[in-house]
Amino acid sequence: MTMTYSEFFTKHSNEILKAFLTHIELVLISVGIGVIIAVPLGIVLSRHKKAAKYVLMIAGVIQTIPGLVLLGAMLILMGIGKPPAIAALSLYAVLPILRNTYTGILEVDDHYIEAARGIGMSGKQMLFKVELPLSMPSIIGGLRLSTVYIISWATLAGMIGAGGLGDMIWTGLSTYETKYILAGAIPSAILALVANALIGFIQRGITPKGLRMGR
């Protein structure tokens, strides 16, 4: 007797929950590494504009590499499991945050910079008290985009033994069982929607009212 969808989800609830939590772990670690790399690099590039176009170009090229190709390369270099998946996903996470950090700092109004200099602020003080706070909505916007991307791309991680909701999807594809596919796809879609809404709420909250149009 064929199980209904509700019976399937009930029977495999523990398996789905475990995959869901592993998926979140992959996303949080990868995006966290992306932030650690991208924000300081974006700050440095805002001070070295000539180098910025080359670094952003390289990051853009990495972003265009198909997920399966990059995961395959990491698999060869690092073996099977979470480490190669996290390495690949972290590389994908960098560009949106890097680009928005760089752009956000450059778009800080010169009047604020001049005012900061006028009251005797050092370069470090201007960065942390003026430039970063004013560019934070843009940086959060990059984080938002990066997180949604990584939630989607993390489903590929199941192919190299990293676990997550991709495991459910690949099991379904290999066995022609739509219930497994939906068990991976539906939570992944919900996670992306929730993350997008939550980070968007934070982004709107820290954006001055006069700049909220279109966010």
Suppose a student asked you for the relative contact order of the chain, using Cα pairs under 8 Å spaced at least 6 residues apart; what percent would you report?
26
Return the tail of the calculated pair distribution for region 1-60, meaning the percent of Cα-Cα pairs more than 17 Å apart.
62
Beta carbons within 10 angstrom, averaged per residue: use that to sort the peptides 117-123, 39-45, 21-27, 161-167, highest first.
161-167, 21-27, 39-45, 117-123
Whole-Hz couplings from phi, Karplus 6.51/-1.76/1.60, listed for region 180-188; x for Gly and Pro
5, 4, 5, 5, x, 6, 5, x, 5
Counting each DSSP H run of 4 or more residues in the chain as -39500 (n - 2.57), what helix-only mean residue ellipticity at 222 nm follows after dividing by all residues, to the nearest 500 deg cm²/dmol?
-26500 deg cm²/dmol
Spatially close lysines, pair count over region 11-208: Cα under 19 Å, gap of eight or more or interchain
4
Table column - 3J(HN,Hα) (Hz), region 21-27, Karplus curve with 6.51, -1.76, 1.60, x for Gly and Pro:
5, 5, 4, 4, 4, 4, 5
For every other residue with a beta carbon closer than 13 angstrom to the beta carbon of GLN125, add +1 if it is Lys or Arg and -1 if Asp or Glu, then tell me the sum.
+2
How much net charge surrounds GLU7 when only the other residues with a Cβ under 15 Å from the Cβ of GLU7 are counted, with Lys and Arg +1 and Asp and Glu -1?
0
Say each of THR178 and ALA51 gets a label point 7 Å from the Cα, pointing the same way as Cα to Cβ; how far apart are those two points in nm?
5.4
Starting from the coordinates of the alpha-carbon atoms of region 85-159, obtain the Kirkwood hydrodynamic radius over all distinct pairs and give the value in Å to one decimal.
13.8
Tell me, what ³J(HN,Hα) does each residue in region 141-156 have, in order and in whole Hz, if you take phi through Karplus 6.51 cos²θ - 1.76 cosθ + 1.60 with θ = phi - 60° and put x for Gly and Pro?
x, x, 4, 4, 5, 4, 4, 5, 4, 5, 4, 5, 5, 5, 5, 6
What order do you get for 183-193, 142-152 when each peptide is scored by the mean count of other beta carbon atoms within 10 Å, highest first?
142-152, 183-193
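All of the numbers you see were taken from the coordinates with simple rules; none came from a lab. Here the structure is a predicted model, which is why all the values come from computation and not from measurement. Cβ coordinates were reconstructed from backbone atoms using ideal geometry, including for glycine residues, and neighbour counts include every protein chain displayed.
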